[in-house]
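The values are calculated or read from the model by the stated rules, or taken from the named source; none is laboratory data. Just so you know, these numbers come straight off a predicted model, no measurement behind them. Here the Cβ is made from the backbone with ideal geometry for all residues, glycine too, and neighbour counts use every protein chain on show. The area values use the complete protein model at the heavy-atom level, side chains included, leaving out ligands, DNA and RNA. Shrake-Rupley method; radii C 1.70, N 1.55, O 1.52, S 1.80 Å.
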Amino acid sequence: MYHDDYSEKLFSRRAFVIGGLQLCGLVILGVRLAWLQIAQGKRYKMLSDKNRINIKILPPPRGEIVDRFGVPLAVNNQTYRVLIIPEQTDNIEKSLRALQSVIYVEEEHIDRILKEASKTAKFIPLRIKEGLSWGDVARVEVRLPDLPGIFIDVGDIRSYPYRDATAHIVGYVRAASKEDLEDNDPVLRLPGFRIGKTGIEKVYDKEMRGRPGAAEVEVNVVGREVRELKRKDPLFGSRVTLSIDGELQRITQEVLSEHISASAVVMDAYSGAIYAMASYPAFDPNAFVRGLTKEEWAVISEDPTHPQTNKAVSGQYPPGSTFKMISALAGLEKGTITRDTLIFCPGHYEYGKSRYHCWKRGGHGYVNLEKALQESCDTFFYEMAVEVGINAIADMARRFGLGDTLGLELGGERSGLIPDEAWKKKTMGVSWYPGETIISSIGQGNVLTTPLQLAVMTARMVNGGIGVKPWITGYVGEEYLERRDWDKIDVNPKHLALVRSGMDRVVNNRKGTAYSSRIDIEGMEMGGKTGTSQVQRITAEQRRLGIKNEDLPWRQRHHALFVGYAPISDPRYVCAVVVEHGIGGSTAAAPIAKILLEQTQRRDPAGTQMQPEIIDKDKKESKTRLEDFSGQNNQELEKPSFTIPPKKPKMQGQSLMQDFAPAPAPTQKTVNKIEGIYND
C-alpha cells in the first residue's frame, strides 16, 4: 500500500515538473512569437518583401538645352543597351564571352566591365554596350537563358544635333567618375546615367539633372517582374535657354572651317548677349557621350590645332592693329593728339638708335587719326605712344575689358595680358623701356587678348561707352538670369565718335584696309578694324631678301584679326575674328566678319525675345513655348555667299532604340534613400 502511494506521489511530482517545463517552454515560445510578430514584425516583413519586391530608382529625364528661338541644342534620345548584374552570374567574364558570340563587343568594353565589377557593389547593373540595333536586341533576347546576369534595358542617351558647331558652348555629358560618386547620390550609379563634364552641361548640371523617381515592383522567383505596386514619377530637369542663335552658330563654324584654325564671336553691343561663339576645329560631343575608342582619342588629343580648346575664350593672341583704337583713345583722352593732329609717315619711325618699321615701306605721308586708322599707319601710333606712355595706354585697355577675365559662365576663360611699368618691374625686376611702349601701341610685344575680349572692346567702343559684359544663359527653367545695368566708362563720347569714324573708313573708304569686305546692302553697312599680329620678329635679312609671309611654315606666319560692328548708322551687333597664322587681317579675317555681320543682321536675333520654360504645375512636365516669328525670322534666309568645303568624316554613334527590363533590388542604404524620395 505504501509503495503504491509513494509511486503515485513520485509520478505526480514528475508530471508537475514536466508540465511546468512545458508551460515555461510555451511561455517562452509565446513571448518569442510575440517579439517576432509585434516588436520585430516590421523588420521581418521588410526582409520578406525584399525577396519578393524590387525597388527601382527611375532616372529623371535631363533638361534640354535650347537656343534663343527654342531650337534644341542638346536633347535626350532613347536607346537599347545591354547590361550585366555581377551577382546574378557565377563568372562575369564567361558571361561576357558568351555575349561576344552573340553580338559584337569590343575587348575594351570587356576589360572595362571587369575593372568596374571589381570596384562596385555586385547588385549594381553595369553597362556593357548601348545603341543596339533591333537585330542585336533580338539575338540577345533569344539567347538570354545562355547569358546569366545579362539583360536588355532602355535608357536615355544625350544627343547634340549641331554636333561640333556647338561643342565648346553646350559641352557634353559622361558617366560619373569615382570622385563624382563620393556624394553617395544613388542616381549616379544607375547604368548609363551621365552628368555634365564641360560647357553648359557642366555649369547647370544639377539644375538639368532633375529629381529621380522610384517604383516598387513585384518579381517572381527568377526575378521577372509580375506587377508594379507603387510608383513616383521622376521630375524633369530644368530646360536651359541660351542667347545663342543655333543657325548663326552653324554658319559661323562652317565659315571658320575654311581655315586650319580660327575662332569668332558675335555679340550684342548693348546687352552683352552672345549670338555665336565658335572655335575651329572642334569635336563631335556625341562621340564623347558614347565613349571614344583609343584611336579616336589619339586623333583628338594629338591634333596640333587643339580641337578641345575653345579658342574664343582661351586663345591668347597679340591683337595687332585692332589695338590701335585703344592707343588712339589714350592719346585723345590725355590730350596728346586731336582730330587735326598730323604726323608724317616715311615708312618707319626712329627712336634713339632703333628703327621701327611701318607695314607700308614707302610710308603713308601726312596722316591724321582717322586716316591712320583707315590705312592702319603704324608710324602715327609709334610717335604718339612715346608721348602718351604705356601706363595711360594700359589703363585705357583695361577700361575696355582687356587684361582680365570677363566672367563668362562657361569657364576656361583666360585673362590675356596688358603690360605696364608695374607689371614689368614685378615680373622681371627691371624697368620699362620706351621702345616697348612703341611696339605695344600697335598690339605687339607682350600684349595678349582673346577673341571674346576683342568683341567686348568693340562693343564698348560703338555703344557709347557702356561697360557691357558677355553672357550666354538667358533662362534656367522659368528663372530669368537677370543682368545688372552696365556701368558707364569714363571716356569722352566725342573721342569715341572720332574713333568710330575711323573704323567706318577702314571698311567703306576706297583706301581702307578692309574695303574689299564691305557690305554693299543699304542699311547693313559695317565698320571695323583689321589687324595682323606677328608671331616672330621679322629679321633684317628677311626684309632684305623680300621673303613673303606665305612662304614661311604655317606656324611662323602672322595671325589675322578683324573686329567689326553693324549697322554703321546704329550699331547693334559686333564681332571679332581671329584666324591663326592667317597672314593678313584684310584677306583672311575681314571676309569672315562680313559674312557673319550680314547674316546676323538678316536673322536679327536681338529682335526676338528669348522664351522661358513653361512648367505644368500639376504634371510637373516642361513644355516649350515658342513665339510666332514675324518678319525676317520667319522667312527663308538667304544662304551665305561663300563656298563651304566638303564636310570631314564624323565619328558616328550607333542606332538608337528602346526597350525595358527589370532592375535589381538595392541595398538597405539605397532603400532608405528611395523612401526619402517617396516621402518628400
Inter-probe distance in nm under a simple model that places probes 7 Å from Cα toward Cβ, at residue 229 and residue 90: 3.1
Compute the FRET efficiency between residue 405 and residue 100 as 1/(1 + (r/R0)^6), taking r as their Cβ-Cβ distance and R0 = 45 Å, and round to the nearest 0.05. 0.35
Dividing the mean separation of Cα pairs under 8 Å (6+ apart) by the residue count of segment 93-251 yields a relative contact order in percent of 16
Report, by chain and number, residues whose modeled amide H sits under 5 Å from the one on residue 128, excluding near sequence neighbours (fewer than 5 apart, same chain). 82, 83, 84
Gyration tensor on Cα atoms of segment 76-205, a ≥ b ≥ c root eigenvalues, a/c under 1.5 rounded, else prolate if a/b beats b/c, else oblate, says oblate
Only sites in a loop by DSSP and with at most 10 other Cβ atoms within 10 Å count here; which trypsin sites (Lys or Arg not before Pro) in segment 390-484 make the cut? 484
Past 23 Å, Cα to Cα, is the threshold; run 94/115; 56/202; 360/511; 56/294; 324/594 against it and keep the listed order. 56/202; 56/294
The ³J(HN,Hα) series, computed from each phi in segment 117-122 with the Karplus coefficients 6.51, -1.76 and 1.60 at θ = phi - 60°, rounded to the nearest Hz and given as x for glycine or proline, is 5, 7, 10, 10, 4, 5
In order over segment 252-269: 3J(HN,Hα) from phi, Karplus 6.51/-1.76/1.60, θ = phi - 60°, whole Hz, x for each Gly or Pro, gives 4, 5, 5, 5, 5, 5, 6, 10, 6, 8, 7, 8, 7, 9, 10, 9, 7, 5
Provide the FRET efficiency to the nearest 0.05 for the residue 14-residue 123 pair, computing r from the beta carbons and using R0 = 45 Å. 0.20
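Segment 131-192: which GluC sites (Glu not before Pro) are DSSP loop and have at most 11 other beta-carbon atoms within 10 angstrom?
179
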Interchain or long-range residues, amide H under 5 Å from residue 348's placed H: 358
Determine ³J(HN,Hα), in whole Hz, for all residues of segment 433-444 in sequence, where each value follows from phi through the Karplus function 6.51 cos²θ - 1.76 cosθ + 1.60 and θ = phi - 60°; x replaces Gly and Pro. 10, x, x, 6, 5, 4, 6, 5, 5, 10, x, 10
Ordering 481, 26 by accessible area with a probe of 1.4 Å, largest first, what comes out? 26, 481
How much length would be gained if the chain were fully extended between residue 415 and residue 469, taking 0.36 nm per residue of separation minus their Cα-Cα distance, in nm to one decimal? 18.0 nm
